[in-house]
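The structure appears below as structure tokens.
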2 protein chains.
Amino acid sequence: MQDLEKVDKVNFTKLNFSNELIPAIVQDFKNNEVLMLAYMNEESLRKTLETGTTWFWSRSRSEFWNKGATSGHYQYVKAIYVDCDEDTLLIKVEQIGAACHTGNRTCFYRNVSI
Amino acid sequence: MQDLEKVDKVNFTKLNFSNELIPAIVQDFKNNEVLMLAYMNEESLRKTLETGTTWFWSRSRSEFWNKGATSGHYQYVKAIYVDCDEDTLLIKVEQIGAACHTGNRTCFYRNVSI
């Protein structure tokens, strides 16, 4: 396990988990495709940093969710960014297989006509 | 104004605004850089579709917010995607100037060491 006290260019403890969950955007580190958005709490971020794969909090199932644990479609974390007001994460990953449960590479496979 | 009844590959009205606000990821349409995340309600999405520039709902100020209206840093909408469970938007834009109020091109200018 990493020493979380040292896991900060941004100080890890400063992240704004006041609402308990913050959105985490997951992006392909190779081509910058946005793959999905899910939610993290402080513990799921710790698990992510410990294991090098993404852990989220499932709002529908109220449980931790290690992406890929059942499908094999793990996301190996390459970099984590935090936004200016520290309430959103951007996680660059190596995506194994499909990010979306539908089998699509990305969850954003449909567009709204404009 | 566009006829919103026709604004759907995904049906516009199916978007899950049950929590009133949904996150909208804003991405540079040219290089796929993720610029920011903000929140939309149904009316701000309508305004976005009407004007071709991004409108969000400011949670801190409780008001609509047309990105760029004060800074000049407008976001011209090129495409809007919706995710598989229809509770997150991905908006590809032409970003004028900086997306972040700090003057950085992206709000995600700091990374968490891993």
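The values are calculated or read from the model by the stated rules, or taken from the named source; none is laboratory data. Since we're looking at a predicted model, the values are computed, not measured. Quick reminder, even Gly has a Cβ in these numbers, built from the backbone with ideal geometry, and neighbours come from all protein chains shown. Side chains are part of the model used for accessible areas, which takes the heavy atoms of the whole protein and leaves out ligands, DNA and RNA. Shrake-Rupley method; radii C 1.70, N 1.55, O 1.52, S 1.80 Å.
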Inset, instruction - With a point put 7 Å past each Cα toward its Cβ, work out how far B:THR51 is from B:ILE96 in nm, to one decimal. - result: 1.1 nm
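Just subtract the alpha-carbon distance of A:ARG105 and A:ARG61 from 0.36 nm times their residue separation and send over the number in nm, one decimal. Before the final figure, lay out the partial values.
Values: separation 44, 0.36 × 44 = 15.84 nm, distance 2.31 nm.
Separation in residues times 0.36 nm, less the Cα-Cα distance, equals 13.5 nm.
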Inset, instruction - Give me the accessible area of A:GLU42, 1.4 Å probe, in Å² rounded to the nearest 10. - result: 70 Å²
Inset, instruction - Heads up, I need the accessible area for A:CYS84: 1.4 angstrom probe, whole protein in place, Å², nearest 10. - result: 30 Å²
